[in-house]
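Structure first, commentary second.
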Amino acid sequence: MRPITSRDEPSLPTRAGRAKDTGVARPPAPGGDDLIELLFFAYRDFVGDPDRILADYGFGRAHHRVLHFVDRYPGLTIAELLDILRITKQSLNRVLKDLIGQGYVVQRPGTSDRRQRLLSCTESGAALAADLTRVQARRLARALASPDATASPEDFLMAMIEPEDRPAVRRLMARRTPRPAGGEGA
């Protein structure tokens, strides 16, 4: 995978809060603020389901991400996993130590290069990864089955949020301070 560079990113606000001057005036995307905000809430609930399961094991989101990719790509190398997750080797080693130590992941030397470490899930690791995927797939299926989910990206993201939390999210978003057309402001 190629790392993301500044050339790949749109003009973003700087630390001082001003947009980088690219010489091209860009109008804000319709509903852009809504999409960003709804994405935060949808992500919160999307990862919240597996978070509750992982807490019973003493694991966190980093463990989930490692389990996800190791389960789907048995024989994945440490280098490949680092590239996928874009985390430090130190962070990965801490998480792998937990997963290997508790019997959810195994590490084997490479076949052609014995210095490589190939990662695979154990049977219990694959079962845990399947449980985590199942709760997220269920949330996606519910959101996609929502009658309004295909009307707009905003509607789909709202459908990803817990039904009982949607009114509070709508109330919060209705209070948001409108931003000037240039995307800068309060």
Consider residue 112 against the criteria (1) among the hydroxyl-bearing types (Ser, Thr, Tyr); (2) modelled with pLDDT of 90 or more; (3) over 25 Å from residue 42 (Cα atoms): it satisfies all of them except one. Which criterion is unmet? (2)
Output the number of residues of the range 137-153 satisfying the condition of being in a helix (DSSP H, G or I) and crowded, with 17+ Cβ neighbours inside 10 Å. 2
Does at least one position in the range 116-128 carry a residue that is closer than 30 Å to residue 163 by Cβ and modelled with pLDDT of 95 or more? yes
Quick check, is residue 98 over 20 Å from the mean Cα position of the chain (by Cα), part of a helix (DSSP H, G or I) and closer than 14 Å to residue 64 by Cβ? yes
What are the pairs, 6+ residues apart or on separate chains, where a residue within the range 63-86 that is farther than 21 Å from residue 131 by Cβ has its Cβ under 6 Å from a residue that is among the basic types (Lys, Arg)? 78/117
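The values are calculated or read from the model by the stated rules, or taken from the named source; none is laboratory data. Since the model is a prediction, treat every value here as computed from it, not as a measurement. No Cβ is skipped: glycine too gets one built from the backbone with ideal geometry, and neighbour counts run over all protein chains shown.
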